[in-house]
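The values are calculated or read from the model by the stated rules, or taken from the named source; none is laboratory data. The shown structure was predicted, so the numbers you read here are calculated from the model rather than taken from an experiment. When we count neighbours, we look across all protein chains shown, and the Cβ atoms used for this are built from the backbone with ideal geometry, even at glycine. Quick note on the areas: whole protein, heavy atoms, side chains included, nothing else; ligands and nucleic acids left out. Shrake-Rupley method; radii C 1.70, N 1.55, O 1.52, S 1.80 Å.
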Amino acid sequence: MTHLNPLPTPIDPTCDAIPAVTALAPMQDVTDIHFMQTIATYGCPDYFFTEYFRVHRDSGLDKYILRSITENTTGYPVFAQMIGESIPDLVRTARLLSRYPIAGIDLNLGCPAPRVYRKNVGGGLLRDPETIDRILGELRSVVSGRLTVKMRVGFEDTSQFDRILEIIDRHDIDLLSLHGRTVKAMYHGTVDYDLIAHAVQKLRCPVLANGNVSSAATAMRVLAHTQAAGVMIGRAAIRNPWIFRQIRQILAGQAAESTTLEQVRDYIDRLHQMQLGKSIPERSRVSHLKMYLNYIGQSVDAEGIFLRDMRKSQTEAELFGVCDRELLGEAADGGARIFATEPYIGLFARPQCEA
């Protein structure tokens with residue numbers, strides 16, 4: 001593991017090397033400027049990635065997503081992610097984004113949402129290596145800084161995997177974030193870390209391993225197995241925003257700090273505060289907070305009592321009543337109650353997607 005920097009620092013924009021160890025995965029409707037700043041409170045990843053800018057003939061730069069770049073006060077770099085298939089418009093958008101203080105341009109080739117891939121964008125493009133070849137060729141010719149890709153190992157199967165890796169290598173892509181499932185698998189089943197290891201061996205660029213990196217200990221196992229340059233973490237960072245700090249601690253030869261349920265209660269307050277400045281009804285605020293709590297609840301109690309009662313709540317008073325009851329207070333021995341580092345078996349944030 002000597003190729004990993006144990007205490008990585010933000011990149012120097014004049015340096016071509018990518019010393020990343022951790023990255024927060026781009027997640028639509030989650031990784032906005034508010035969530036990035038909340039994560040920074042508990043320990044920043046080395047890189048952030050924006051939600052994707054939708055690119056088509058009539059598209060511009062979404063001002064809400066752009067705030068993740070222009071208002072970033074974390075001190076850590078942000079990659080701007082695009083999704084689309086229109087080459088002229090991808091080129092136009094890349095040029096526009098390059099005027100901003102970004103770490104690089106990232107192309108989404110992995111989104112598994114059916115409403116996305118049916119438009120032949122995101123993960124849908126993995127069915128069409130020729131178009132990927134043309135897109136990356138044109139983008140590489142106009143992007144003077146870093147050009148990166150986030151993708152899955154295939155659409156329905158992995159038959160095109162090596163071909164797409166060859167395309168990525170040929171166009172001198174600077175970083176590949178690779179989720180070890182196919183698009184059609186979505187979040188079901190196991191992650192194929194062997195294929196990520198294969199990409200690490202085949203490509204000249206650094207590879208970030210993505211998919212089911214659920215804890216700092218899991219990150220260490222994934223890094224050892226794949227020899228990837230780092231890990232990209234999505235859903236687990238919603239559940240446990242301390243995960244990036246914990247990974248750094250282990251890489252530095254220290255024990256990862258445990259988290260108490262009382263600290264989790266404070267995290268929930270910070271998530272709630274993200275919505276307070278917006279003119280939205282209480283019902284919408286409750287629904288938005290539940291999106292995060294569905295992940296957090298996976299590590300609160302093995303019986304799923306927190307998840308069950310939280311999901312039943314209708315008002316903020318009811319919701320925070322559940323949080324106080326289940327998260328505050330001492331353990332039976334008088335000590336602090338500890339937040340589980342891994343999700344409890346059988347508890348799912350999105351049962352229909354992940355079970």
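Which label marks the calculated value of Cα extents along the principal axes in Å, given the options (i) 61, 47, 39; (ii) 87, 66, 38; (iii) 89, 62, 48?
Matching entry in (i) 61, 47, 39; (ii) 87, 66, 38; (iii) 89, 62, 48: (i).
Given all pairs of different Cα atoms, what value in angstroms does the Kirkwood hydrodynamic radius of segment 211-355 take?
Value: 16.3 Å, from the Cα pair sum.
Could you run the Debye sum over the Cα atoms of segment 137-192, one equal point scatterer each and no solvent, and tell me log10 of I(q)/I(0) at q = 0.18, 0.23 Å⁻¹, two decimals?
-0.65, -0.89
How many Å² of accessible area per residue for the chain, probe 1.4 Å?
Each residue of the chain exposes 43 Å² on average to a 1.4 Å probe.
Name the long-range amide H neighbours of Gln81: under 5 Å, sequence gap of 5 or more, or other chain; modelled H, no Pro or chain starts.
Thr50, Phe53, Asp106
Among DSSP beta bridges lying fully in the chain, give the percent that are antiparallel, nearest 5.
Of all bridge pairs located within the chain, approximately 5 percent are antiparallel.
Can you grab the distance from the C-alpha centre of segment 145-203 to the C-alpha centre of segment 274-290, Å, no decimals?
36
Among the lysines, which have Cα under 21 Å from the Cα of Lys150 when same-chain residues fewer than 8 positions away are ignored?
Excluding near neighbours in sequence, the set is Lys119, Lys184, Lys202.
Quick check: net charge around Glu257, other residues with Cβ under 11 Å of its Cβ, Lys/Arg +1 and Asp/Glu -1?
Within the 11 Å Cβ shell, the charges total +2.
Just going by the charge dipole of the chain, with Lys and Arg at +1 and Asp and Glu at -1 on Cβ, which of Tyr64, Gly230, Phe49 is farthest out on the positive end?
Farthest along the dipole direction, towards plus: Tyr64.
Show the residues, 5+ positions off or on another chain, whose built amide H is closer than 5 Å to the amide H of Thr259.
Phe339
Could you go through segment 218-233 in sequence order and give the Karplus-derived ³J(HN,Hα) for each residue, using 6.51 cos²θ - 1.76 cosθ + 1.60 with θ = phi - 60°, rounded to whole Hz, and x for Gly and Pro?
Going residue by residue, I get 5, 4, 5, 5, 5, 5, 5, 6, 8, 6, 5, 6, x, 10, 10, 10 Hz, with x marking Gly and Pro.
Using only helices, what value at 222 nm comes out for the chain when you add -39,500 (n - 2.57) per DSSP H run of length 4 or more and divide by the total residues, to the nearest 500 deg cm²/dmol?
It lands at -12000 deg cm²/dmol.
Going highest first, how would you order 175-183, 252-260, 60-68 by mean Cβ packing within 10 Å?
Ranked from most to least packed, the peptides come out as 175-183, 60-68, 252-260.
Subtracting the Cα-Cα distance from 0.36 nm times the residue separation, let me have the gained length for Tyr64 to Lys290 in nm, one decimal.
Taking 0.36 nm per residue and subtracting the Cα distance, the gain is 79.2 nm.
Each residue of segment 111-124 in order: what ³J(HN,Hα) in whole Hz does its phi give by Karplus 6.51 cos²θ - 1.76 cosθ + 1.60, θ = phi - 60°, with x for Gly and Pro?
4, x, 5, x, 5, 8, 5, 5, 8, 6, 10, x, x, x
From the C-alpha coordinates alone, can you work out the Kirkwood hydrodynamic radius of segment 72-158, in Å?
13.4
Can you tell me how much longer the chain between Ser279 and Glu71 gets when fully stretched, taken as 0.36 nm per residue apart minus their C-alpha distance, in nm with one decimal?
Between Ser279 and Glu71, full extension yields an extra 72.8 nm.
Quick one: what are the phi-derived ³J(HN,Hα) couplings along segment 294-307, Karplus 6.51/-1.76/1.60 with θ = phi - 60°, whole Hz, x for glycine and proline?
Result, rounded to whole Hz: 4, 7, 4, x, 5, 10, 7, 8, 5, 7, x, 5, 4, 4.
Please list, ordered by chain and number, the residues whose modelled amide H lies under 5 Å from the amide H of Cys111; skip anything fewer than 5 residues away on the same chain.
Residues meeting the criterion, in which the H sits 1.01 Å from N, are Gly123.
Please report Rg (one decimal) and Dmax (integer) in Å for the Cα set of segment 32-93.
Cα radius of gyration and Dmax of segment 32-93 are 12.9, 40 Å respectively.
Any chance you could run the full-extension gain for Asp169 through Glu318? It's 0.36 nm times the residue separation minus the Cα-Cα distance, nm to one decimal.
Working it through step by step, the gained length comes to 48.3 nm.
Can you tell me which lysines have their Cα less than 26 Å from the Cα of Lys278? Leave out same-chain residues fewer than eight positions away.
Straight-line reach from Lys278, under 26 Å: Lys63, Lys290, Lys312.
Ignoring any ligand, DNA or RNA, what whole percent of the accessible area of the chain comes from carbon and sulfur when the probe is 1.4 angstrom?
C and S atoms contribute 50 percent here.
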